[in-house]
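Worksheet: one structure, shown below.
The values are calculated or read from the model by the stated rules, or taken from the named source; none is laboratory data. Computed from a prediction, not measured in an experiment: that's the story for all the values here. Cβ placement follows ideal geometry from the backbone for every residue including glycine, while neighbour counts extend to all protein chains displayed.
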Amino acid sequence: MKTDSNLEKVLEAGEFAVTSECGPPRGADPDVIRDKGELLKGVVDGVNITDCQTSVVRMSSFSSCLILKEMGFDPILQMVTRDRNRIAIQSDILGAAALGINNILCLSGDHQRFGDHPQAKNVYDIDSIQLIMTVKKMRDEGKFLNDEELTKAPRLFIGAAANPFADPFEIRALRLGKKVAAGVEFIQTQCIYNLKRFEEWMRQVVDMGLHEKVCILAGITPLKSVGMARYMKNLVPGMDVPDEIIERLKGVPKEKQSDEGIKICIETIRKLREMEGIRGVHIMAIEWEEKVREIAEGAGLLPRPTA
């Protein structure tokens with residue numbers, strides 16, 4: 001089903017898509033989102049707004065999407081099932097569509113014990129795969145989960161996340177297959193540092209024919225320092241940072257490590273563009289949005305197409 005999503009139009013035109021993301025502030029200042037948006041103008045085809053990432057309270061993804069929408073962006077609403085039951089989820093889907101949000105990224109969300117309110121009760125009434133099915137049912141069948149009819153269906157381009165590096169590795173492509181069967185249309189992956197392992201995952205994805213059924217956007221996060229690389233390797237679950245990346249960053253002066261991280265990022269994108277089944281990149285420059293343009297330009301991704 002066609003939507004008004006700019007990202008969908010870019011992908012359907014056969015272009016190599018570029019998305020990025022903004023983390024909302026821990027307060028009610030809309031200018032934080034506007035300032036980040038200014039850095040991404042003309043660089044991306046869509047912008048994710050994270051939904052209380054790492055279970056830390058922040059301005060809502062919903063309201064932040066509207067701020068970017070006013071700036072001319074085509075925002076991607078992130079929605080986690082951690083904090084909402086199926087009533088609130090379906091209500092928010094309708095509200096987002098009514099206000100002109102065209103994209104949704106369906107996520108389970110980090111457990112609340114990792115965040116700033118570990119005593120909070122989670123919900124997880126449905127999981128991310130069931131959330132994909134919910135959006136698809138509402139959009140394509142015009143029905144709620146209880147099979148009652150909608151008065152007007154939401155037209156949302158449906159996305160989800162995939163982590164090719166989590167254990168057990170053997171089921172990662174199979175899990176993607178479940179999301180495809182549920183109705184996902186685009187995938188943004190966990191950030192990629194171990195290209196060999198990612199290539200193996202993509203071989204499985206291609207062998208299963210999943211690359212023909214879903215648009216895969218490869219996740220990219222630039223490393224600012226060797227300290228960040230070690231943190232990602234040792235303390236972030238599901239992250240795979242090879243020792244050679246750490247050694248490469250160690251081999252340059254501290255003040256040059258961020259530049260080296262950008263170089264690694266650009267080299268990675270160039271290699272990803274050569275892989276079968278990769279339809280774009282998702283650049284997650286965490287609180288470093290000013291580098292997204294430099295990365296996109298260095299990787300030959302600018303100018304962006306007008307869909």
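Going by what's in this entry, would D51 be described as assigned to a helix (DSSP H, G or I), under 30 Å from E148 (Cβ atoms) and touching a strand residue (DSSP E or B) at 6+ places or on another chain (Cβ under 8 Å)?
On the way: assigned to a helix (DSSP H, G or I): no; under 30 Å from E148 (Cβ atoms): yes; touching a strand residue (DSSP E or B) at 6+ places or on another chain (Cβ under 8 Å): yes.
So D51 does not fit the description; no.
Does region 93-113 contain any residue that is farther than 23 Å from I67 by Cα and over 24 Å from the mean Cα position of the chain (by Cα)?
No: region 93-113 contains no residue that is farther than 23 Å from I67 by Cα and over 24 Å from the mean Cα position of the chain (by Cα).
Filter region 203-218 for residues that are of a type in the set (G, A, S) and within 17 Å of the chain's Cα centre (by Cα) and give the result. Outline the logic, then answer.
The initial filter retains those residues of region 203-218 that are of a type in the set (G, A, S), namely 209, 218.
The one that is of a type in the set (G, A, S) and within 17 Å of the chain's Cα centre (by Cα): A218.
Can you say whether A229 is under 25 Å from V18 (Cα atoms) and in a strand (DSSP E or B), as far as the supplied structure shows?
Numbers: under 25 Å from V18 (Cα atoms): yes; in a strand (DSSP E or B): no.
No, not satisfied.
Across region 227-246, what is the total count of residues that are of a type in the set (A, V, I, L, M, F, W, C) and at pLDDT below 95?
The initial filter retains those residues of region 227-246 that are of a type in the set (A, V, I, L, M, F, W, C), namely 228-229, 232, 235-236, 239, 241, 245-246.
Still in the running and at pLDDT below 95: 232, 235-236, 239.
Count: 4.
Those residues that are over 21 Å from Q119 (Cβ atoms), buried (at least 20 other Cβ atoms within 10 Å of the Cβ) and among the polar types (S, T, N, Q), I need them from region 54-89; list them, please.
Correct list: S61, S64, Q78.
Does A166 count as within 27 Å of K136 (Cβ to Cβ), of a type in the set (G, A, S) and at pLDDT 95 or above? If you could, list the steps in order and put the result at the bottom.
Numbers: within 27 Å of K136 (Cβ to Cβ): yes; of a type in the set (G, A, S): yes; at pLDDT 95 or above: no.
In short, no.
Within region 267-307, can you find the residues that are among the hydrophobic types (A, V, I, L, M, F, W, C), more than 22 Å from V236 (Cβ to Cβ) and surrounded by fewer than 20 Cβ atoms within 10 Å (Cβ to Cβ)?
Here is the first cut: in region 267-307, the ones among the hydrophobic types (A, V, I, L, M, F, W, C) are 269, 272, 275, 278, 281, 283-286, 288, 292, 295-296, 299, 301-302, 307.
If we keep only those that are more than 22 Å from V236 (Cβ to Cβ) too, we end up with 275, 278, 296, 299, 301-302, 307.
M275, L302, A307, listed by residue number.
Taking region 139-156 as the search range and keeping residues that are hydrophobic (A, V, I, L, M, F, W, C) and more than 19 Å from T81 (Cβ to Cβ), which one is surrounded by the most Cβ atoms within 10 Å (Cβ to Cβ)?
Here is the first cut: in region 139-156, the ones hydrophobic (A, V, I, L, M, F, W, C) are 144-145, 150, 153, 156.
Keeping just the survivors that are more than 19 Å from T81 (Cβ to Cβ) gives 150, 153.
On the way: L150: 15, A153: 17.
Among residues in region 139-156 that are hydrophobic (A, V, I, L, M, F, W, C) and more than 19 Å from T81 (Cβ to Cβ), the one surrounded by the most Cβ atoms within 10 Å (Cβ to Cβ) is A153.
May I ask you to verify whether L249 is out of contact with any helix residue (DSSP H, G or I) (no Cβ under 7 Å at 6 or more places or on another chain), aliphatic (A, V, I, L, M) and at pLDDT 95 or above?
Spelling it out, it is not the case that L249 is out of contact with any helix residue (DSSP H, G or I) (no Cβ under 7 Å at 6 or more places or on another chain), aliphatic (A, V, I, L, M) and at pLDDT 95 or above.
Only one of these conditions is not met by I262: (1) among the β-branched types (V, I, T); (2) at pLDDT 95 or above; (3) touching a Ser or Thr at 6+ places or on another chain (Cβ under 7 Å); (4) surrounded by fewer than 21 Cβ atoms within 10 Å (Cβ to Cβ). Which number is it?
Every condition holds for I262 apart from (3).
Identify all residues within region 3-42 that are more than 16 Å from E290 (Cβ to Cβ), part of a loop (DSSP other than H, G, I, E, B) and in contact (Cβ under 8 Å) with a residue 40 or more places away in the chain; write none if there are none.
T3, D4, S5, A13, E15, F16, P24
If I ask for residues that are assigned to a helix (DSSP H, G or I) and either touching a Gly at 6+ places or on another chain (Cβ under 6 Å) or closer than 25 Å to V135 by Cβ (or both), which ones from region 181-200 would you list?
From region 181-200, those assigned to a helix (DSSP H, G or I) are 181-182, 195-200; that's our starting set.
Across region 181-200, the qualifying residues are A181, A182.
Return yes when K256 is free of Cβ contacts under 8 Å to residues at least 24 places away in the same chain, surrounded by fewer than 16 Cβ atoms within 10 Å (Cβ to Cβ) and not in a loop (DSSP other than H, G, I, E, B) and no when it is not. I'd like the intermediate steps shown before the answer.
Numbers: free of Cβ contacts under 8 Å to residues at least 24 places away in the same chain: yes; surrounded by fewer than 16 Cβ atoms within 10 Å (Cβ to Cβ): yes; not in a loop (DSSP other than H, G, I, E, B): yes.
Yes: the conditions hold for K256.
Out of D116, D51, D45, which single residue is in contact (Cβ under 8 Å) with a residue 12 or more places away in the chain, over 15 Å from A161 (Cβ atoms), among the acidic types (D, E) and buried (at least 19 other Cβ atoms within 10 Å of the Cβ)?
Numbers: D116 fails: buried (at least 19 other Cβ atoms within 10 Å of the Cβ); D51 fails: over 15 Å from A161 (Cβ atoms).
On inspection, the qualifying residue turns out to be D45.
If the requirement is being touching a Leu at 6+ places or on another chain (Cβ under 8 Å) and free of Cβ contacts under 8 Å to residues at least 40 places away in the same chain, which of these qualifies: K137, K121? I'd like the intermediate steps shown before the answer.
Values: K121 fails: touching a Leu at 6+ places or on another chain (Cβ under 8 Å).
After ruling out the rest, the residue left standing is K137.
Considering only region 169-176, I want to know if a residue exists there that is small (G, A, S) and surrounded by 15 or more Cβ atoms within 10 Å (Cβ to Cβ).
Checking region 169-176: at least one residue is small (G, A, S) and surrounded by 15 or more Cβ atoms within 10 Å (Cβ to Cβ).
Tell me the residue from I245, I262, I295 that is in contact with a Lys or Arg (Cβ under 7 Å, 6 or more places away or on another chain) and in a helix (DSSP H, G or I), please. If you could, list the steps in order and put the result at the bottom.
Details: I245 fails: in contact with a Lys or Arg (Cβ under 7 Å, 6 or more places away or on another chain); I295 fails: in contact with a Lys or Arg (Cβ under 7 Å, 6 or more places away or on another chain).
Only one candidate passes the filter, namely I262.
Matching residues to (1) among the aromatic types (F, W, Y); (2) under 24 Å from K9 (Cβ atoms); (3) in contact (Cβ under 8 Å) with a residue 60 or more places away in the chain:
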| residue | (1), (2), (3) |
| --- | --- |
| E141 | no, yes, no |
| L150 | no, no, no |
| I187 | no, yes, no |
| M202 | no, no, yes |
